[in-house]
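For reference, the structure discussed in these notes is given below.
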Amino acid sequence: MDPEFGVGTASRKRASWRTTLLLAYQSLGVVYGDLSISPLYVYKSTFAEDITHSETNEEIYGALSFVFWTLTLIPLIKYVTIVLRADDNGEGGTFALYSLICRHANVSLLPNRQVADEELSTYKLEYPPEVAQRSRVKEWMEKHKKLHTALLVMVMIGTCMVIGDGVLTPAISVFSAVSGLELSLSKDQHEYAVIPITCAILVFLFALQHYGTHRVGFLFAPIVLSWLLCMSAIGLYNIIHWNPHVYQALNPSYMITFLKKTRKSGWMSLGGILLCMTGSEAMFADLGHFSYSAIQLAFTSLVYPSLILGYMGQAAYLSKHHNFDASYQIGFYIAVPESVRWPVLVLAILASVVGSQAIISGTFSIINQSQSLSCFPRVKVVHTSDKIHGQIYIPEVNWMLMILCIAVTVGFRNTKHMGNASGLAVITVMLVTTCLMSVVIMLCWHRSPLLALAFFLFFGSIEALYFSASLIKFLEGAWVPILLSLILLAVMFVWHHVTIKKYEYDMHNKVTLEWLLALGDKLGMVRVPGIGLVYTDLTSGVPANFSRFVTNLPAFHRVLVFVCVKSVPVPHVLPAERYLVGRVGPPGHCSYRCIVRYGYRDVHQDVDSFETELVESLATFIKLDALFRCSDAGEPRDSSCYERENALTVIGSNPLRRHLGYDDSHDGVSSSAYETRADADSVNGIELAAAPAPAIKKQVRFAVESRSPGVDERVLEELRELCEAREAGTAFILGHSHVQTKPGSSVLKKLAVGVGYNFLRRNCRGPDVALRVPPASLLEVGMVYVL
């Protein structure tokens, strides 16, 4: 055995453990802020009105037993042990599960899918297609198109409830933390102090979103860590001082006794107990920022024991205190020793702000993912950090969340109604995760359907019990997340439906390649200097917006590029695999196709780097196209090389930037290729070995030599034209669409498409903002879609 190898392995293992410990520490501030502050309001919501705290202590012991087993079964066993393993290339969340399912079964409703997408390095499957056995469940899901829609609607419902949680969690967290003032103020003073202070903190919190969290993010983990240690210490003190035998309440028999005594009221009070799980979904959703081992270590070693000690401490104190002046004093602060109450109050407020920040950031993230998958109207996404991936800010969403948070706080004014609303949102997301996870177990992990059914029935029945307890409180606050979700679901479904129909309309009305080639022979048609980037959703053919453009303005650019910016069902696409470049027509026509692929968590490039990389990719493609077309014949390019001019060759261009000085070596070229005609969905591709891309400079980074051995003069001429066109400027040609319904359409379709979609289109960001197109270089072509 090589001694150096052994030393290197040992040092990597030590570094790995150090990295895991550091990530576990950092995850406290990002992942566990929401979950760690739940003791502020769980008992308060549970004992709000449904049940009373009697001298027998059966209610408080039963509530503690429910809390303990709920935290054990759902966050610990379901999420930490099972769900966290269903990551999508390290990413988690609702869209990660949906992405996994779509890759293992043909159930995706996303347009412009290509066979070449399956060659992405992040497009990994649990088992190769030739090894994996055909599943009857898979065939059944692929056969019924309605199941595809039902699956997407389920994902949308989960997304809507996460957004609803982004409204409710900051309100109940900050309100519950500030409510600690009730023990130091009179009832009148309390009513006039808590609401304004809560609203002021919420305004301050949302106003800071513009600056990003990376500047103060280093404070989040210490705050949550201090809060967890403080809560544990207080809980341990209460257990020892008031009731050392409170641990007996962890016996599941106390749950049965609780339900027997309280009956319907006890069942309804479960809507408050389920709040102890608030934030559990964040462990899975934020998996991409950390690692499975780090999140597992932080939860099992610190968060879970601290929460159990906190809840047991409250129960120990309440078991010896029954006569309170007001029922709202059954909460966290009543069990805090008076000597440390003020410091704990300040720490609780800080922890509630951190927990609220986590759910707000999560809301921004899931809306960005929805937008990338054409399930949400276009909004402006601002990246607040160049170094930290995923730090984004969406102005429109931020201010809407703030207004709704303040409205919920002022409208409800108590923990009970806020808890009912928040609980329904939390448990609905968990139910969606359980359903999707059951499908993942069958399709992706290739486990027995009986195992998936057992998972669904066991965890689904627990969550269904809590869901029913929350839903019964519809008039007592639970209507808020339902109303928000219905509105958001309608918006998302209409936007996605019309987007798909517009794509089908474009596919039906695209023009042929022969029409494009014939334009050059028409009298009066002019090729002007520069590069024309025609944006389209099509991956083949010539889009109708370009034909409309040249019909009204008989001129187009010397270098023409049809650009398709598309999302693929993976979280990230490596920069080396982002661009697929192909030729449209013969080389002399100088027309190309560029397909730019992004994952649902990827950051879209700014226009300068995109333009530079595009020109580099075209230059690389031009030379490689000449190499591979004529390599077999070993002769200079002649007309015989172009007899298949309708074929389209697509390559991953970025790995070859190191060859842009024109090193003729091409050892990294793979022999695998994909070949179809230009009008097909997938196009001919050459897969290249991935390599790190060098830093991008804002200039044309390829040299055109006057004489280069082995390079045809026509290739050099084509490269010169590309260089001159780049220097002449670039124009971005986009379609400006208006949608109308066909005559005789139903009233519902007219309202959804003609009114709803057009309202969203007019009041949301245009495609030029989403694609970051400079206004001075923008050309819009009016398009009317009749659906």
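The values are calculated or read from the model by the stated rules, or taken from the named source; none is laboratory data. Quick caveat: nothing in here was measured; it's all calculated off a predicted structure. No Cβ is skipped: glycine too gets one built from the backbone with ideal geometry, and neighbour counts run over all protein chains shown. Note: accessible area is taken over every heavy atom of the protein model, side chains too, but ligands, DNA and RNA are not part of it. Shrake-Rupley method; radii C 1.70, N 1.55, O 1.52, S 1.80 Å.
Computed quantities for the displayed model
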| read-out | value |
| --- | --- |
| Tabulated pairs, region 774-787, first within 18 Å of residue 757 (Cβ to Cβ) and part of a strand (DSSP E or B), second polar (S, T, N, Q) and open to solvent by less than 70 Å² (accessible area, probe 1.4 Å), C-beta under 7 angstrom, 6+ apart or interchain | 783/545; 783/737; 785/737 |
| Selection from region 750-782 of residues that are modelled with pLDDT under 85, in contact with a helix residue (DSSP H, G or I) (Cβ under 8 Å, 6 or more places away or on another chain) and open to solvent by less than 30 Å² (accessible area, probe 1.4 Å) | 773 |
| Criterion (touching a residue at least 24 places away in the same chain (Cβ under 8 Å) and surrounded by fewer than 19 Cβ atoms within 10 Å (Cβ to Cβ)) met by exactly one of 571, 575, 587, 543 | 575 |
| Subset tally (residues that are open to solvent by less than 10 Å² (accessible area, probe 1.4 Å), within 24 Å of the chain's Cα centre (by Cα) and either basic (Lys, Arg) or over 14 Å from residue 414 (Cβ atoms) (or both)) for region 164-178 | 6 |
| Scan of region 548-568 for residues that are surrounded by fewer than 23 Cβ atoms within 10 Å (Cβ to Cβ), in contact with a strand residue (DSSP E or B) (Cβ under 7 Å, 6 or more places away or on another chain) and part of a loop (DSSP other than H, G, I, E, B), ordered by number | 554 |
| Residue in region 259-271 that is farther than 30 Å from residue 417 by Cα and in the same structural domain as residue 339 (by the TED database) present | no |
| 1 or more residues free of Cβ contacts under 8 Å to residues at least 60 places away in the same chain: qualifying helices (runs of 4 or more DSSP H) within region 249-306 | 253-262, 264-273 |
| Of all residues in region 501-539 being in a loop (DSSP other than H, G, I, E, B) and surrounded by fewer than 13 Cβ atoms within 10 Å (Cβ to Cβ), the one that is modelled with the lowest pLDDT | 523 |
| Any hit, region 591-605, residues being out of contact with any His (no Cβ under 9 Å at 6 or more places or on another chain), part of a loop (DSSP other than H, G, I, E, B), aliphatic (A, V, I, L, M) and not assigned by the TED database to the domain that holds residue 98 | no |
| Residue match in region 461-482 (condition: touching a His at 6+ places or on another chain (Cβ under 8 Å), in the same structural domain as residue 171 (by the TED database), surrounded by fewer than 24 Cβ atoms within 10 Å (Cβ to Cβ) and not in a helix (DSSP H, G or I)) | no |
| Filtered residue count, region 159-186, keeping only those that are in contact with a Leu (Cβ under 9 Å, 6 or more places away or on another chain), closer than 21 Å to residue 397 by Cβ and not aliphatic (A, V, I, L, M) | 6 |
| Boolean, residue 498 is touching a helix residue (DSSP H, G or I) at 6+ places or on another chain (Cβ under 7 Å), open to solvent by less than 10 Å² (accessible area, probe 1.4 Å) and either outside any helix (DSSP H, G or I) or under 20 Å from residue 755 (Cα atoms) (or both) | yes |
| Selected residue (only one of 378, 341 is at pLDDT 85 or above, open to solvent by 10 Å² or more (accessible area, probe 1.4 Å), under 35 Å from the mean Cα position of the chain (by Cα) and basic (Lys, Arg)) | 378 |
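Yes/no per residue for (1) under 20 Å from the mean Cα position of the chain (by Cα); (2) at pLDDT 90 or above; (3) not polar (S, T, N, Q):
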{"residue": "61", "(1), (2), (3)": "no, yes, yes"}
{"residue": "65", "(1), (2), (3)": "no, yes, no"}
{"residue": "74", "(1), (2), (3)": "no, yes, yes"}
{"residue": "82", "(1), (2), (3)": "no, yes, yes"}
{"residue": "93", "(1), (2), (3)": "yes, no, yes"}
{"residue": "103", "(1), (2), (3)": "yes, no, yes"}
{"residue": "110", "(1), (2), (3)": "yes, no, yes"}
{"residue": "117", "(1), (2), (3)": "yes, no, yes"}
